[in-house]
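Participant: Just dropping this structure here.
Any read-out appearing in this document is the output of simple, stated calculations on the displayed coordinates, not a laboratory observation. All of these numbers come straight from a predicted model, not from anything done at the bench. Here the Cβ positions follow ideal geometry from the backbone for every residue, glycine too, while neighbour counts run over all protein chains shown.
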Amino acid sequence: MRLGKTSSSLACLVFASSLAVMFVTEVQAAEFKYNSSVSVKVGKSVVLKGARGKTCDDGAPSWAEVASNLPKTTTGTYSDGGVGTTRSQRCGKSVPARGIKFTATTAGRERLQVYGDSVSITAF
């Protein structure tokens with residue numbers, strides 16, 4: 001009987017540990033950092049930054065809203081990087097944000113203004 005309780009307790013501990021690892025991984029992956037300069041191989045993607053709402057209390061903007069405010073690019077395409085958080089200097093805290101993913105399609109260099117920040121892109 002004691003062996004059954006030990007096995008059950010061990011199974012619960014393993015399950016709880018797995019949940020904790022999954023949670024930490026998701027939270028870490030969703031924190032968008034601003035990259036002022038990126039080098040990316042053609043066919044590969046990188047998240048440039050997170051775009052926050054108009055006020056510090058807004059949720060993350062929709063991809064349609066973000067996409068409509070992005071500059072034209074000659075070296076790649078943009079896509080939805082998902083919802084996460086970004087550290088906002090204006091708000092003084094982490095706020096909900098939409099990730100801006102860039103995928104290189106053509107080798108070259110360009111400098112873009114992405115949501116008020118300068119981003120230098122080298123696609124190779």
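Participant: Working out 0.36 nm times the residue gap between residue 54 and residue 89, then minus their Cα-Cα distance, what length gain in nm do you get to one decimal?
Facilitator: Full extension from residue 54 to residue 89 adds 11.3 nm.
Participant: If the cut-off is 18 Å between C-alpha atoms, which lysines fall inside it for residue 93, apart from same-chain ones fewer than 8 positions away?
Facilitator: Within the straight-line limit of under 18 Å, residue 93 reaches these lysines: 33, 49, 54.
Participant: For the range 21-124, which trypsin sites (Lys or Arg not before Pro) are in a loop by DSSP, counting at most 14 other Cβ atoms within 10 Å?
Facilitator: 33, 41, 44, 54, 72, 90
Participant: Points 7 angstrom from Cα along the Cβ direction at residue 41 and residue 62: gap in nanometres?
Facilitator: 3.7
Participant: Between residue 124 and residue 107, what is 0.36 nm times their sequence separation minus the Cα-Cα distance? Round to one decimal in nm.
Facilitator: 5.7 nm
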